[in-house]
Amino acid sequence: MLEQYGLYFLVGLYPKGPLGGLALTLLLASAGLLLAMPLGLLLGLGRISPWRALRWPVTGLVFVVRATPLLMVVFWAYFFLPSLTGVRTDRFNTMLIALVVFDAAYLAEIVRAGIQALPKGQMEAARSLGLGYVQAMRLVLLPQALRHMLPSLVNQFVSTIKETSLGYIIGLAEVSFIATQINTLVFVLPTQIYLTLGLTYFVMCFGLSRLAYWLERRLSTSPHRPAKEVTA
Amino acid sequence: MIAFENVNKWYGKYQALVDINETIAQGEVVVVCGPSGSGKSTLIRTINRLEPIQGGRILLLGQDIHAPEQSVNTLRAGIGFVFQQFNLFPHLTALQNCTLAPVRLHGLSKSAAEEQALSLLERVGLSHKAHAYASELSGGQQQRVAIARALAMRPPLMLFDEPTSALDPEMVGEVLQTIKALARDGMTLVVVTHEMGFAREVADRVLFMDHGRVLERATPEEFFTSPEHPRAQQFLRDIRSPFVAAGVAP
């Protein structure tokens, strides 16, 4: 079975047809992370912005997305968005949009919490030196906050990897879809096929977790850990 | 140098500053004292706009600090502020704490800023800790780095908001010595502090505040020997005999 369907599992119909399988899952997850992180950062900053005109719409967006299942967001992107814009995006980009919007809302909350957990004096000290709000955020608050956020960020990244499997329902040929295809063709080996699929996700997610854990430990053994907050 | 004109401030319904009229001259060292909640920290924080005011004006060298057209970043770059909690940037070394703002705001080159920062750290007696992070410094050392960081912007005026209140007793002296050296150099200083020995030795003038008002302004000599206002008399009695103040037998 491995000989017959192994390559199909890894890359789909490629190179004779469109890319699919595990390669497509990895591509979708990486693109999702790479796009969701900056968007989440911007949304997170918007959530705590002193300017209401920015804060309110961003807060609204985050609340709506967080109160919606990802499946719904995928449907919106697949059915609703094209009828709104008149442009029919392909399945990959549809799924990517849904993932990025959904994850950015969650990342925004992580970013917000990370910044707000810092002592208020950090912003005051930076501003007292004459730094502007954006400079203070970029040079003083974010470098500290991102370090604290790392575990939560990784949590979200791991979720993103697993969420790519929802591409299945709009017929995106990612690895879950391919596994189901193989199962239909082979018919008699569902246990083996779905165990392989499960193991595949496990390796990806576990790998990322370990990488993050290693990074976290490296950061915390370096001397520039934040000082304990002094109490009066 | 600084002039308060009928300054009033409210936190919601609570009035934190009441009709403050005060002038502070160039080169003067003013100590502000008073019981907690008296408005002394609020007062000092209005001078660099960390706190807004709702009435009156504060002039710094003739410029209205709280005027909407006044650039808050330019204003603050010219005023050194030292916090009770030090607020060093923990992800940067002592040296980097002192170079960040001069490089970004004064356009100093990295090497020029580092040279300046080293000489300032030398001045506060910490040049050997230039590459240490806040977590590797004692409270007193952190506060001295914070002073050097503020000095790095070459401000003509320094504000100190209870600079020794978060310190262990044995570290109070080193910080006060550093501030005293600044006073000797002729810098204008406004210091909120409970250190009465420091006030006595270094201050040109003492302001005593309670309930948002300046109740007494006097030379340290007058203030400590014959305070006029009954509330000031009470305050001095309390800080001299804390056991009596708390109603506990010594």
(message) As an exercise: evaluate B:GLU122 against (1) within 13 Å of chain A (Cβ to nearest Cβ); (2) part of a helix (DSSP H, G or I); (3) loosely packed, with under 15 Cβ neighbours inside 10 Å and give the number of the one condition it does not meet.
(response) (1)
(request) Sort out which residues of the range B:56-82 are hydrophobic (A, V, I, L, M, F, W, C) and surrounded by fewer than 13 Cβ atoms within 10 Å (Cβ to Cβ), and write them in order of number. (result) B:LEU61, B:ALA67
(request) State all residues of the range B:5-46 that are touching a helix residue (DSSP H, G or I) at 6+ places or on another chain (Cβ under 7 Å) and basic (Lys, Arg); if no residue qualifies, say none. (result) B:LYS9
(request) Could you list all residues from the range A:135-169 that are of a type in the set (Val, Ile, Thr) and closer than 19 Å to A:LEU39 by Cβ? (result) A:VAL154, A:VAL158, A:THR160, A:ILE161, A:THR164
(message) For the condition assigned to a loop (DSSP other than H, G, I, E, B), among the polar types (S, T, N, Q) and within 14 Å of chain A (Cβ to nearest Cβ), what is the one hit in B:SER36, B:SER41?
(response) B:SER36
(message) Can you tell me which condition A:ARG147 does not meet? The list is (1) at pLDDT 95 or above; (2) charged (D, E, K, R); (3) in contact with a helix residue (DSSP H, G or I) (Cβ under 8 Å, 6 or more places away or on another chain), and all the others hold.
(response) (1)
(message) For the structure I just gave you, tell me whether A:ALA136 is of a type in the set (Gly, Ala, Ser), assigned to a helix (DSSP H, G or I), buried (at least 20 other Cβ atoms within 10 Å of the Cβ) and out of contact with any Leu (no Cβ under 8 Å at 6 or more places or on another chain).
(response) yes
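Does A:GLU109 count as within 9 Å of another protein chain (Cβ to nearest Cβ) and assigned to a helix (DSSP H, G or I)?
On the way: within 9 Å of another protein chain (Cβ to nearest Cβ): no; assigned to a helix (DSSP H, G or I): yes.
No, not satisfied.
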(request) All but one of (1) part of a helix (DSSP H, G or I); (2) facing another protein chain (nearest Cβ under 10 Å); (3) buried (at least 17 other Cβ atoms within 10 Å of the Cβ) hold for A:LEU131, so report the exception by its number. (result) (1)
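Determine, yes or no, whether B:LEU182 is under 21 Å from A:GLY121 (Cβ atoms) and either buried (at least 19 other Cβ atoms within 10 Å of the Cβ) or among the acidic types (Asp, Glu) (or both). Don't jump to the end; show me each part of the working.
Values: under 21 Å from A:GLY121 (Cβ atoms): no; either buried (at least 19 other Cβ atoms within 10 Å of the Cβ) or among the acidic types (Asp, Glu) (or both): yes.
Considered against the rule, which asks whether it is under 21 Å from A:GLY121 (Cβ atoms) and either buried (at least 19 other Cβ atoms within 10 Å of the Cβ) or among the acidic types (Asp, Glu) (or both), B:LEU182 comes out as no.
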(request) Determine whether the range A:48-68 contains at least one residue that is within 23 Å of A:THR200 (Cβ to Cβ) and either in contact (Cβ under 8 Å) with a residue 24 or more places away in the chain or touching a helix residue (DSSP H, G or I) at 6+ places or on another chain (Cβ under 8 Å) (or both). (result) no
(message) Condition first: touching a Ser or Thr at 6+ places or on another chain (Cβ under 9 Å) and surrounded by fewer than 16 Cβ atoms within 10 Å (Cβ to Cβ). Now tell me which residues in the range A:44-81 satisfy that.
(response) A:ARG55
(message) Every residue in the range A:160-187 that is of a type outside the set (A, V, I, L, M, F, W, C), surrounded by 19 or more Cβ atoms within 10 Å (Cβ to Cβ) and out of contact with any Ser or Thr (no Cβ under 9 Å at 6 or more places or on another chain), please.
(response) A:THR160, A:GLU163
(request) Collect the residues in the range B:46-101 that are assigned to a helix (DSSP H, G or I), more than 10 Å from chain A (Cβ to nearest Cβ) and more than 30 Å from B:GLY125 (Cα to Cα), keeping them in residue-number order. (result) B:THR46
(message) Just to verify a result, which residue in the range A:107-128, among those that are in contact with a strand residue (DSSP E or B) (Cβ under 9 Å, 6 or more places away or on another chain) and crowded, with 23+ Cβ neighbours inside 10 Å, is farthest from A:GLY44 (Cα to Cα)?
(response) A:SER128
(message) Kindly evaluate B:HIS128 against the criterion of being without any contact (Cβ under 8 Å) to a residue 12 or more places away in the chain and either more than 16 Å from A:LEU131 (Cα to Cα) or within 8 Å of another protein chain (Cβ to nearest Cβ) (or both).
(response) yes
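Is one or more of the residues making up the range A:160-172 within 14 Å of chain B (Cβ to nearest Cβ), in a helix (DSSP H, G or I) and either hydroxyl-bearing (Ser, Thr, Tyr) or in contact with a helix residue (DSSP H, G or I) (Cβ under 7 Å, 6 or more places away or on another chain) (or both)?
No, the range A:160-172 contains no residue that is within 14 Å of chain B (Cβ to nearest Cβ), in a helix (DSSP H, G or I) and either hydroxyl-bearing (Ser, Thr, Tyr) or in contact with a helix residue (DSSP H, G or I) (Cβ under 7 Å, 6 or more places away or on another chain) (or both).
A quick yes/no check of all residues on (1) surrounded by 19 or more Cβ atoms within 10 Å (Cβ to Cβ); (2) modelled with pLDDT of 95 or more:
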position: A:ALA31; (1), (2): no, yes
position: A:LEU42; (1), (2): no, yes
position: A:SER83; (1), (2): no, no
position: A:ALA105; (1), (2): yes, yes
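If I filter the range A:77-91 for residues that are in contact (Cβ under 8 Å) with a residue 60 or more places away in the chain, hydrophobic (A, V, I, L, M, F, W, C) and part of a helix (DSSP H, G or I), do I get at least one hit? Step through it out loud before you land on a result.
Of all residues in the range A:77-91, those in contact (Cβ under 8 Å) with a residue 60 or more places away in the chain come to A:78, A:91.
Those left that are additionally hydrophobic (A, V, I, L, M, F, W, C): none.
Looking for residues that are in contact (Cβ under 8 Å) with a residue 60 or more places away in the chain, hydrophobic (A, V, I, L, M, F, W, C) and part of a helix (DSSP H, G or I), one finds none in the range A:77-91, hence no.
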(request) Give the residues of the range B:127-186 that are out of contact with any Gly (no Cβ under 6 Å at 6 or more places or on another chain), under 19 Å from B:ASN48 (Cα atoms) and of a type outside the set (A, V, I, L, M, F, W, C), sorted by residue number. (result) B:ARG149, B:ARG154, B:PRO156, B:ASP161, B:GLU162, B:PRO163
(message) Considering only residues that are closer than 18 Å to A:LEU215 by Cα and either surrounded by fewer than 19 Cβ atoms within 10 Å (Cβ to Cβ) or away from every other protein chain (no Cβ under 14 Å) (or both), which ones fall in the range A:148-159?
(response) A:HIS148, A:LEU150, A:PRO151, A:SER152, A:LEU153, A:VAL154, A:ASN155, A:GLN156, A:PHE157, A:VAL158
(message) Would you confirm whether or not the range B:141-148 contains a residue that is touching a helix residue (DSSP H, G or I) at 6+ places or on another chain (Cβ under 8 Å), of a type in the set (Gly, Ala, Ser), within 11 Å of chain A (Cβ to nearest Cβ) and farther than 20 Å from B:ASN73 by Cβ?
(response) no
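The values are calculated or read from the model by the stated rules, or taken from the named source; none is laboratory data. Computed from a predicted structure; not experimentally measured. Counting neighbours? That spans all protein chains shown, and the Cβs are built from the backbone with ideal geometry, glycine included.
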